[in-house]
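The values are calculated or read from the model by the stated rules, or taken from the named source; none is laboratory data. In this text the structure is predicted, and so the values were computed from the model without any measurement. Using ideal geometry, Cβ is built from the backbone for each residue, glycine included, and neighbour counts are taken over all protein chains shown.
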Amino acid sequence: MEPDLGLLLNAIVSGLLLGGFYALATMGLTIAFGMLDVVNIAHPTFIILGAFATYLLSMQTGLDPVLACIILLPLFFLFGRYFYDLYYRLFERRGDSAISGLAFFFGILFVFEVSLSMLFGPEQRQIDVPYAWTSFSIGLVDFPLRMVVPCLLALAAFAAITAFFRFTFIGRAVAAVGQDEEALRFVGINPLRIKRLAFGLSLLMAGLAGGGLLLIQPVDPWSGHTFIGRVFAICILGGLASMRGTLVAALLFGVLENMTATYIGPAWSPAVAFGLLLLTLAVRPQGLFAR
Amino acid sequence: MLSEVISPHLAAGRNPALAGARRFYAGVAAVTLGIFLAFHWVGSEYLWFSSYVVLQYVVLATAWNILGGYAGYVNFGSAAFFAVGSYTTVLLYKLGIPSLPLMILAAGGVSGLLGLGMGYLTLRLRGAYFSIATLCLAVLLQTIITNWDFLGGSRGAYIIRPDVSGFFASYVEVLFAVILGLAAGSVCLARIIEKSKLGYGLAAIRDDEIAAEASGVPTLRLKLVATTVSGALMGMAGAPMPYYATFVEPASAFGLSYAVNAMAMPLIGGLKTWLGPVIGALILGSVQQVATVTISSALNLLLVGLLLIAFLILAPQGIMGLLRRRGGRPS
Amino acid sequence: MTQRFGKLAVRAGILATMALTALPAVIAQAAEPIKIGFSMALTGGLAGNGKAALAAMQIWEEEVNAKGGLIGRPVQLVYYDDQSSGATVPGIYTKLLDVDKVDIVMSGYSTAAIAPALPIVIQRKMLFQTLLGFNMNSEYKYDRYFSMIPAGPDAIHNFTKGFVETAMALDPKPKSIAIVALDAEFPKRAADGLKDNLKNTGMKIVYDRSYPPSTVDFLPVMRAVQAAKPDIVYMVSYPVDSAGLVRAAREVGLNARMVGGGMVGPQLGTFKAAMGPALNNMVIWDTYVPEKTLNFPGIDQLLAKYQPVAAKLGIDPLGFYVPPLAYTNMQILEQAITAVGKIDQGALADYMHKHTFKTVLGDVKFDKYGEWAEERLILVQYRGIKDNNIEQFKQPGTQVILYPKQFKSGDIVTPFNK
């Protein structure tokens, strides 16, 4: 293929947009895995759960899926909060959480997927919003709204959560809980309360990502598998506990995937992206952007 | 190759319990032979096929447990090792060397090397990182196999079973005998490791890796041996698979259910001994086989998931833990 | 064979104690049902089509039993979920044959279910009617195999024949083509066949890439296609990707003259409704659409029975794709058993080879390897789709048949972007 500026620019921009969605999908995991040390391998399944909940509400009321998803956010939060309670009581408190915890989330992944397929059937679900088919262009570059909206959601969520971690007392406590639980006790905060809150936030982000995913592609109960590898790869690349690292890593991941797809052939894009992660783990296990 | 790697650690461990070990081997041999003859006498292909699947999981779960149970390193990529084993068979078949024993050895060698390589690349990582890395390895390998046209690529590969004559009723029985032998072998190997210096070293790593390192346990070397042996066994479990299914394609060879089962079975059975994964595989594998032809709906899969969660919550030490607790109470 | 069964019956008690199976004892009854056994994808990735196939087969079962059965015996479907995975299939078929002792076996849905069952079925010399398996019998050449996919004797080439012929009939003749295929068994083989068909047409392949099943964003793929400036775009994909490809094609404003090909997805009702107007002018293969030229006796009644069932089960609401094929399989079996008058695997296979069957998909005749003697895939172009309402796809004229000649209901409209 001859060099083509438009092709190159579009590969980069569409990669950034895709990366934006990846960031949305990963930020929740960064909270759970990076800050709380909860290896929530079912995170993508929670995203799918969010997508199905959004689908239901949107179909029932005719609301825009993004709006429907935002209305559901408190529900996702509460679900996460109580889910963590359960997890804490069953595993973390018992001490040997490492293997059983991992396996527990694996089991959860399985159970939720199967339950979804029993409830909704195996067909793919999709919501049609008029703007899903529109795209605008600046110069040579196209911006399909289907990809732009989730990316904007991601940026908004990123801004909100970074501000929350930086400027509020509770937020700072959340950011600290993974690093030093004892310090929190000294200032009179119950670490469990903070962890519950943080996991609630994590699932809230998963729900939001579910709403975004519904715009991007049709969703079936097994759609989460596509993302398991990706979100963990991005989380680790981003240095685990850093929101900014997650965003940068997600964008990099998206661009790399789409550049490979454009120039080498889409068949190799997963290999290139995951190869990067393996290399990172081998050479710089603390992630590309860890401080 | 395997025995070379392990033997230095064995010598010390074997002596104290020599009599026990002898009794154990005799028991394994008797059970194996007994099962084989009983099944031969029944002569049902269905029995051979469904038992094949269960026994394949005995090998896979035992292999997973050597790294996951003994050393506490959770491998999410079991399906990759299994698939590499299957595809080694496909490779030899396509090269015109359709000899099953050779295929199993080659599969063990290739997957073992893969395990060693993965170990070098990732074992310096903390627990969860290691698990994620194994997951990525699976994606990477699947992409390579999918794009490797000689092995059928994404089109899949057909394998035609040879005819048999003589003692065996059909090739299915041969496959059953092979996997039965592999299961017996891997159980013996797991027990040898468990009772050897290697096993104690791995247990020390599981309990506290830093302390183990400080007290002079060569942690990296032990872990490398464990990843190699575990990977090799998984590959060997996958080697006869193409003959069982007669059609192999990447999506199902790398299927999630192998990864789930390889992990769930030892967890349900009990992690710290060789018997745990065997019990777990026999129970969970049989339940799945029965459920496939009775419940036969999504409920079947749900059952596996719920069973796993229930065990994690109610019996975190697995069935072995339950038995031990009951046995230990009077004293 | 009979000896084998005798041996088995004696030892059935031991089997039960092995606790590997809960086998219901076969009790001889006055009119013992004809048991028809198969595996079916009721969970997993293929479950949508698997359940639709099962629904059609159950409609047949009910109809036959309401008529008083076949050769004086009721029929009974015995099926197990293969979880869309070939690994469960050998166990299921040996169970069906050894324990359930079914009279007839059929295949589950598509290659993953057919390939692992074939060696077992061949070994037992059973009749084997399969559902949507692409060129499966070429390795075994088994003479009791009958395929239910209207691709004809040379499936790999026939699958793309209509598309290539239609493209070459355009005026002026197209010069270049882009090929986009999913990295999976069927799409890759279809693309292979297409490339053979393109030889001697003078068409230049300007883009030929496959993408992995986990692809999320199809924009880079479509942009690369657009950059290659092809006259024709041929895509072969599975439903999730088909949706992504159609959207991406619209988003990059793909301006080829003819776009479509071997996509799987547009055959399904939910897909048609979800994509709506984006499908306009796409040229895609199919097996049945409600055009006047394809209105065979019985098809309307079948769909009328199927659609309410589908609404309840949450499966393909239109049922144009898999249900008629699955039902046709059963009709052929029914006609063969009635004519032969007994369950004799060899005689049934013989009859199937020699006769033409009247079905809801028209006349069906098999060649010596059990493929349809004549290919009967159709190529349709979507026209005048206004919105996402599913009802409009039940009307003739929205899916115009371009190929083959005997069913043609309209002429092609170009370019794609019109």
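When region A:209-229 is examined, which residues are found to be out of contact with any helix residue (DSSP H, G or I) (no Cβ under 6 Å at 6 or more places or on another chain) and surrounded by 24 or more Cβ atoms within 10 Å (Cβ to Cβ)?
A:Asp220
What residue, among those in region A:39-96 that are in a helix (DSSP H, G or I) and among the small types (Gly, Ala, Ser), is farthest from B:Ala128 (Cα to Cα)?
Within region A:39-96, the match that is farthest from B:Ala128 (Cα to Cα) is A:Ser58.
Considering only residues that are among the polar types (S, T, N, Q) and farther than 20 Å from A:Ala206 by Cβ, look in region A:59-115 and name the one that is modelled with the lowest pLDDT.
In this case the residue turns out to be A:Ser97.
Since C:Gly269 meets every condition but one in (1) within 7 Å of chain A (Cβ to nearest Cβ); (2) crowded, with 21+ Cβ neighbours inside 10 Å, which condition does it not meet?
(1)
Do we find a residue being touching a residue at least 24 places away in the same chain (Cβ under 8 Å), within 14 Å of another protein chain (Cβ to nearest Cβ) and either surrounded by 22 or more Cβ atoms within 10 Å (Cβ to Cβ) or among the β-branched types (Val, Ile, Thr) (or both) anywhere in region C:142-156?
Yes: region C:142-156 contains one or more residues that are touching a residue at least 24 places away in the same chain (Cβ under 8 Å), within 14 Å of another protein chain (Cβ to nearest Cβ) and either surrounded by 22 or more Cβ atoms within 10 Å (Cβ to Cβ) or among the β-branched types (Val, Ile, Thr) (or both).
A quick yes/no check of all residues on (1) within 14 Å of chain C (Cβ to nearest Cβ); (2) touching a residue at least 12 places away in the same chain (Cβ under 8 Å):
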site	(1), (2)
B:Ala211	no, no
B:Ala214	no, no
B:Leu222	no, yes
B:Met234	no, yes
B:Ala237	yes, yes
B:Pro242	yes, yes
B:Phe247	yes, yes
B:Ala264	no, yes
B:Leu267	no, yes
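Yes or no, residue by residue, for (1) in a helix (DSSP H, G or I); (2) more than 29 Å from B:Gly285 (Cα to Cα):
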| site | (1), (2) |
| --- | --- |
| B:Phe176 | yes, no |
| B:Arg191 | yes, no |
| B:Gly199 | yes, no |
| B:Val217 | no, yes |
| B:Arg221 | yes, yes |
| B:Gly231 | yes, no |
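Could you say which residue among A:Leu86, A:Leu102, A:Leu119 is surrounded by fewer than 18 Cβ atoms within 10 Å (Cβ to Cβ) and away from chain C (no Cβ under 13 Å)?
A:Leu86
Out of A:Leu252, A:Leu240, I need the residue that is more than 14 Å from chain C (Cβ to nearest Cβ) and in a loop (DSSP other than H, G, I, E, B). Which one?
A:Leu240
Please state which of the following conditions C:Ser409 fails to meet, knowing it meets all the rest: (1) in a strand (DSSP E or B); (2) polar (S, T, N, Q); (3) in contact with a helix residue (DSSP H, G or I) (Cβ under 7 Å, 6 or more places away or on another chain).
(1)
Yes or no: region A:22-32 includes at least one residue that is in contact with a Phe, Trp or Tyr (Cβ under 8 Å, 6 or more places away or on another chain), hydrophobic (A, V, I, L, M, F, W, C) and not in a helix (DSSP H, G or I).
Within region A:22-32, the subset in contact with a Phe, Trp or Tyr (Cβ under 8 Å, 6 or more places away or on another chain) is A:22-23, A:25, A:27-29, A:31-32.
Those still in the list that are hydrophobic (A, V, I, L, M, F, W, C) too: A:23, A:25, A:27, A:29, A:31-32.
Those still in the list that are not in a helix (DSSP H, G or I) too: none.
Looking for residues that are in contact with a Phe, Trp or Tyr (Cβ under 8 Å, 6 or more places away or on another chain), hydrophobic (A, V, I, L, M, F, W, C) and not in a helix (DSSP H, G or I), one finds none in region A:22-32, hence no.
Hey, among the residues in region B:86-114 that are outside any helix (DSSP H, G or I) and of a type outside the set (A, V, I, L, M), which one's surrounded by the fewest Cβ atoms within 10 Å (Cβ to Cβ)?
B:Gly96
Kindly provide the set of residues from region B:35-83 that are farther than 21 Å from B:Leu140 by Cα, among the hydroxyl-bearing types (Ser, Thr, Tyr) and away from chain C (no Cβ under 14 Å), ordered by number.
Result: B:Thr62, B:Tyr70.
Please specify each residue of region C:217-227 satisfying the condition of being within 7 Å of chain A (Cβ to nearest Cβ) and crowded, with 24+ Cβ neighbours inside 10 Å. Step through it out loud before you land on a result.
We begin by selecting, within region C:217-227, every residue within 7 Å of chain A (Cβ to nearest Cβ); these are C:217, C:219-221, C:223-224, C:227.
Of everything in region C:217-227, those that are within 7 Å of chain A (Cβ to nearest Cβ) and crowded, with 24+ Cβ neighbours inside 10 Å turn out to be C:Asp217, C:Leu219, C:Pro220, C:Val221, C:Arg223, C:Ala224.
If you scan region B:123-177, which residues turn out to be under 30 Å from B:Leu202 (Cα atoms), among the basic types (Lys, Arg) and in contact (Cβ under 8 Å) with a residue 60 or more places away in the chain?
Once the filter is applied, which keeps residues that are under 30 Å from B:Leu202 (Cα atoms), among the basic types (Lys, Arg) and in contact (Cβ under 8 Å) with a residue 60 or more places away in the chain, region B:123-177 yields only B:Arg124.
Restricting attention to region C:245-261, and to residues there that are buried (at least 24 other Cβ atoms within 10 Å of the Cβ) and out of contact with any Lys or Arg (no Cβ under 9 Å at 6 or more places or on another chain), which single residue is farthest from C:Phe134 (Cα to Cα)?
C:Ala249
Kindly evaluate A:Ser58 against the criterion of being crowded, with 18+ Cβ neighbours inside 10 Å, of a type outside the set (A, V, I, L, M, F, W, C) and touching a residue at least 40 places away in the same chain (Cβ under 8 Å).
Considered against the rule, which asks whether it is crowded, with 18+ Cβ neighbours inside 10 Å, of a type outside the set (A, V, I, L, M, F, W, C) and touching a residue at least 40 places away in the same chain (Cβ under 8 Å), A:Ser58 comes out as yes.
Between B:Ala184, B:Ala133, which is of a type in the set (A, V, I, L, M), within 14 Å of chain A (Cβ to nearest Cβ) and part of a helix (DSSP H, G or I)?
B:Ala133
So A:Pro130 clears everything in (1) touching a Ser or Thr at 6+ places or on another chain (Cβ under 7 Å); (2) more than 30 Å from A:Ser242 (Cβ to Cβ) except one condition, right? Which one?
If we test A:Pro130 against (1) touching a Ser or Thr at 6+ places or on another chain (Cβ under 7 Å); (2) more than 30 Å from A:Ser242 (Cβ to Cβ), just (1) comes out false.
Of all residues being more than 15 Å from the chain's Cα centre (by Cα) and among the small types (Gly, Ala, Ser) in region B:223-252, which is modelled with the highest pLDDT? Just the residue, please. Walk me through it before giving the result.
Filtering region B:223-252 down to residues more than 15 Å from the chain's Cα centre (by Cα) leaves B:223-225, B:242-252.
Filter again for among the small types (Gly, Ala, Ser), leaving B:245, B:251-252.
Numbers: B:Ala245: 87, B:Ala251: 78, B:Ser252: 80.
Per the stated criteria, the residue is B:Ala245.
Does at least one position in region C:63-73 carry a residue that is within 14 Å of chain B (Cβ to nearest Cβ), at pLDDT below 95 and either assigned to a helix (DSSP H, G or I) or touching a strand residue (DSSP E or B) at 6+ places or on another chain (Cβ under 9 Å) (or both)?
Applying the first criterion (within 14 Å of chain B (Cβ to nearest Cβ)) to region C:63-73 yields none.
Checked against the condition, which is being within 14 Å of chain B (Cβ to nearest Cβ), at pLDDT below 95 and either assigned to a helix (DSSP H, G or I) or touching a strand residue (DSSP E or B) at 6+ places or on another chain (Cβ under 9 Å) (or both), region C:63-73 yields no hits at all.
Specify the residue that is surrounded by the most Cβ atoms within 10 Å (Cβ to Cβ); the eligible residues are those in region C:228-244 that are part of a loop (DSSP other than H, G, I, E, B) and more than 10 Å from chain A (Cβ to nearest Cβ).
C:Ser237
Please specify each residue of region C:259-306 satisfying the condition of being part of a helix (DSSP H, G or I) and more than 20 Å from C:Asp387 (Cβ to Cβ). It would help to see each step written out before you state the result.
Step one: list which residues in region C:259-306 are part of a helix (DSSP H, G or I), which gives C:269-279, C:292-294, C:299-306.
Hits for region C:259-306 are C:Lys292, C:Thr293, C:Leu294, C:Ile299, C:Asp300, C:Gln301, C:Leu302, C:Leu303, C:Ala304, C:Lys305, C:Tyr306.
Is it the case that some residue within region A:14-30 is β-branched (Val, Ile, Thr) and either away from chain B (no Cβ under 14 Å) or over 30 Å from A:Met259 (Cα atoms) (or both)?
no
Does B:Asp207 meet the test of being farther than 30 Å from C:Ala184 by Cβ, surrounded by fewer than 17 Cβ atoms within 10 Å (Cβ to Cβ) and within 11 Å of chain C (Cβ to nearest Cβ)?
no
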